[in-house]
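All of the numbers you see were taken from the coordinates with simple rules; none came from a lab. This one's a predicted model, so the numbers in the text were calculated from it and none came from an experiment. Positions of Cβ are generated from backbone atoms using ideal geometry, with glycine treated the same way; all protein chains shown enter the neighbour counts.
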Amino acid sequence: MVRVLATGTFDLLHPGHMLYLSEARALGDELYVIVARESMIKHKQKPVVPEEQRLEMVQGLRVVDKAMLGSKIDIFEPLREIRPDIIALGANQFFKEKDLEAQLRVHGIDAKVVRITSFRQCELCSSAAIMRKVIERCGKEHKGER
């Protein structure tokens, strides 16, 4: 049985998340997902949605077999527990495949890293785009526009 692992923040779920997770699931027999802890997110703005709620949303997705929160101290800790065969990176995730594979080996994790290159383009296919739209709409409603 091939176990695939996907990771992410998953703030404000959108079609881009669904594409990433569906493509990751297609790589194996079961899909595990690690939802990033707010305290561990250093490369972008902190999420709007609390981590427990983001986890609940990801757990509810049909393509996900098991979801869990990441570690508060070591990103490799849950990987040692999950023991994935494949780690699927999203098209816009900042990890470099070869660098991550080298780090995995150092931590005793023998997993292949695969980049999901599919990327969904639509008006609201990113959490940032959704937030911009909400702010724009709130601004218009505040001014009495529709």
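Residues in the range 52-59 include at least one that is surrounded by 18 or more Cβ atoms within 10 Å (Cβ to Cβ), without any contact (Cβ under 8 Å) to a residue 60 or more places away in the chain, in a helix (DSSP H, G or I) and in contact with a Pro (Cβ under 8 Å, 6 or more places away or on another chain).
Any residue that is assigned to a loop (DSSP other than H, G, I, E, B) and within 20 Å of Gly70 (Cβ to Cβ) - is there at least one of those in the range 122-129? Within the range 122-129, none of the residues are assigned to a loop (DSSP other than H, G, I, E, B) and within 20 Å of Gly70 (Cβ to Cβ). On inspection, Val113 does not qualify as of a type in the set (A, V, I, L, M), without any contact (Cβ under 8 Å) to a residue 60 or more places away in the chain and either surrounded by fewer than 12 Cβ atoms within 10 Å (Cβ to Cβ) or not in a strand (DSSP E or B) (or both). Does Leu21 satisfy the criteria of being buried (at least 20 other Cβ atoms within 10 Å of the Cβ), in contact with a Leu (Cβ under 7 Å, 6 or more places away or on another chain), farther than 20 Å from Asp99 by Cα and in contact (Cβ under 8 Å) with a residue 40 or more places away in the chain? Yes. Restricting Gly70, Gly108 to residues that are touching a residue at least 12 places away in the same chain (Cβ under 8 Å), within 13 Å of the chain's Cα centre (by Cα) and either surrounded by 11 or more Cβ atoms within 10 Å (Cβ to Cβ) or more than 18 Å from Arg25 (Cβ to Cβ) (or both) narrows the list to Gly70. The number of residues in the range 9-42 that are over 15 Å from Pro84 (Cα atoms), outside any helix (DSSP H, G or I) and of a type outside the set (Ser, Thr, Tyr) comes to 10.
Applying the set (1) under 14 Å from Gly8 (Cα atoms); (2) part of a helix (DSSP H, G or I) to Glu101 leaves exactly one unmet item: (1).
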